[in-house]
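The values are calculated or read from the model by the stated rules, or taken from the named source; none is laboratory data. Fair warning: this is a prediction, and the values are worked out from it, not measured in the lab. Cβ placement follows ideal geometry from the backbone for every residue including glycine, while neighbour counts extend to all protein chains displayed. For accessibility, only protein heavy atoms count, side chains too; no ligands or nucleic acids. Shrake-Rupley method; radii C 1.70, N 1.55, O 1.52, S 1.80 Å.
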Amino acid sequence: MSATRFTYLGPEGTFTEAALRTLPEAATRELVPMVSVPAALDAVRNGEAAAALVPIENSVEGGVTATLDELASGEPLTIYREVLLPIAFALLVRPGTKLSEIKTVTGHPVAQPQVRNWLRAHLPDALWESAASNADGARLVQEGRFDAAFAGEFAAATYGLEPLVTEIHDAENAETRFVLVGRPARPAAPTGADKTSVVLWLGDDHPGALLELLQEFAVRGVNLMLIQSRPTGAGIGNYCFAVDAEGHISDRRVGEALMGLKRMCPKVRFLGSYPRAGVAIEDVSPLRRGTSDVEFTEASDWLARAQDGRA
């Protein structure tokens, strides 16, 4: 395995590369752009890279399905870090292009919902066609295949373009969450401000089936931060659920919730426990009464005494 190589959704100039470069360890690694999320993750699976950074969620459209589906299938991988990056787009064009001359635009499919209103107001007749990434869209503009691309302003110099308009975003404070993914290993020690990600498969479809899964978290005081259904490919109506929960797998409340889910679900895939980006311990909501590790231990000790006739 190449311990010195990180892959990311490329080509050069993507928001993913910008997010990766915020990690201190990126300064000592070879950063290799890949053509797609599956390609970036497969490089980790086959040992060509130690880790990959890929987008997994944005604040406008929710989960990035390509990443969720890749993590739910294939050889297991583990999330070790997350990065939050504020997102604002620039309209990149070849030098000298005027706004009135733009007839075709491109960008990553996830970008379109984040600039839809701007497009409607300023380029209502422009034809949109998706690119593999925002930076790839910039490359296609450089080659003359499109008139403009929505990408990060920082990508302009890489592709010989100029930002005609900057700070484009339909939603204020838009941001994207990225995850650093590697081969499975023991999770890092809990920090007190952690997140645990899993994928759950329903055993059978019946009234209240999803509620039963959610109750495993609720009765133990585990707050859910994301739940998204994804088709399994086994036919209409067959879904798995990607879930992000507050806490670390070593927390008793989280560990017992996962054990409960494992008893109920035909398949549970643990994706990792890792520090929450941008959240300090003092910002974490206090635990509900009865859900701390101390209280779980006291309850376990009480049960042992009762079983021994000492309660």
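Observations, loosely collected:
- Hey, residue 70 under 12 Å from the mean Cα position of the chain (by Cα) and either open to solvent by 40 Å² or more (accessible area, probe 1.4 Å) or within 13 Å of residue 181 (Cβ to Cβ) (or both) or not: yes
- Any hit, segment 207-215, residues being closer than 27 Å to residue 190 by Cα, within 22 Å of the chain's Cα centre (by Cα) and not hydrophobic (A, V, I, L, M, F, W, C): no
- Selected residue (criterion: modelled with the highest pLDDT) from residues of segment 74-100 that are under 15 Å from the mean Cα position of the chain (by Cα) and not in a strand (DSSP E or B): 77
- When 4, 65, 78, 97 are screened for being touching a residue at least 12 places away in the same chain (Cβ under 8 Å) and surrounded by fewer than 16 Cβ atoms within 10 Å (Cβ to Cβ), only 4 passes.
- Hits in segment 8-36 - residues which are of a type outside the set (Ser, Thr, Tyr), in contact (Cβ under 8 Å) with a residue 24 or more places away in the chain, in a helix (DSSP H, G or I) and open to solvent by 10 Å² or more (accessible area, probe 1.4 Å): 15, 17, 18
- Residue within segment 274-291 that is open to solvent by 50 Å² or more (accessible area, probe 1.4 Å) and at pLDDT 95 or above present: no
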